[in-house]
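Q: Before I ask anything, here is the structure I am working with.
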Amino acid sequence: MSDMNKAIDSFFNRLIEQPDLLPQTHWDPKWPSPCIQGKPEQAGEVCRWLPVKREQPASFDNVENAIELAIHVDVKQLYQNYYSNIIPAQFGGLALDLIQPWNDEDFEGLQENLIGHVLMKKRLNQSITLFIGCIDDDTIVSVENDTGRVVKERVGCEPASVLADSLVEFVSQLRLRS
């Protein structure tokens with residue numbers, strides 16, 4: 001098992017061990033997820049959720065073919081192994097929302113957004129980054145595809161600062177934000 005997979009498993013296991021700290025969500029029968037705990041009875045009902053490990057990792061072949069670029073393996077491992085809601089997280093003093101796919105349809109939307117992000121970066125002649133989280137409306141947390149470093153950047157701009165030398169280091173230091 002890779003260091004990245006170990007870091008992700010450790011992070012999600014910490015979340016699963018503290019289910020009361022995870023935010024609740026409103027159940028939408030039109031947006032199902034294996035993460036939903038219990039059996040909600042009506043749309044809009046508040047319910048608990050937990051991250052769920054996929055039986056088979058999801059594929060990024062279609063994304064890599066569309067952008068004609070190999071996506072950094074750590075980014076693929078971050079997104080392809082679990083279903084989860086967006087996770088309010090803390091990295092040091094930085095509050096962020098870690099992006100995760102809720103279901104297969106959400107994973108497809110995530111892939112489309114990654115393609116759009118990479119195409120924008122190419123059009124602007126900027127280094128290729130792959131987003132993994134949001135800080136606010138126009139500031140994101142990304143991974144530099146060439147180096148694997150985790151960076152903070154404004155949408156449409158080059159990275160402003162390095163947060164961690166690797167995604168493994170970044171995920172290992174993430175904490176659930178209350």
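We did not get these values from a lab; they are worked out from the coordinates using the rules stated. Computed from a predicted model, the values in this text were never measured in an experiment. FYI the Cβ positions are ideal-geometry reconstructions off the backbone, even for glycines, and counts take in every protein chain you see.
Q: Give the order of Glu68, Glu108, Glu144 when sorted by the count of other beta carbons within 10 angstrom, beginning with the fewest. Please list the in-between numbers first.
A: Working: Glu68 8, Glu108 13, Glu144 17.
Going from sparsest to densest Cβ surroundings: Glu68, Glu108, Glu144.
Q: Where the centroid of each part is defined by its Cα atoms, how far is the range 76-115 from the range 148-163 in Å?
A: Cα centroid to Cα centroid, the span is 17 Å.
Q: Okay, next question. Just want the ordering: Ser127, Ser59, from fewest to most Cβ atoms lying within 10 Å of their own Cβ.
A: With the sparsest Cβ surroundings first, the list reads Ser59, Ser127.
Q: Here is a further query. Quick one: 3J(HN,Hα) in Hz for the range 35-46, Karplus 6.51/-1.76/1.60 with θ = phi - 60°, rounded, Gly and Pro as x.
A: 6, 5, 9, x, 10, x, 9, 9, 4, x, 5, 6
Q: Now, a different point. State, as an integer percentage, the relative contact order of the chain based on alpha-carbon contacts under 8 Å between residues 6 or more apart.
A: Taking the mean separation of contacting Cα pairs over the length of the chain, I get 20 percent.
Q: On a straight-distance basis, which aspartates and glutamates could pair with Lys122 in a cross-link, Cα separation under 12 angstrom, same-chain partners fewer than 8 positions away excluded?
A: Answer for Lys122, where 12 Å is the Cα cut-off: Glu68, Glu158, listed by chain and number.
Q: Shifting gears a bit: Mind checking which lysines have their Cα closer than 24 Å to the Cα of Lys53? Skip sequence neighbours fewer than 8 apart in that chain.
A: The qualifying lysines are Lys6, Lys30, Lys39, Lys76.
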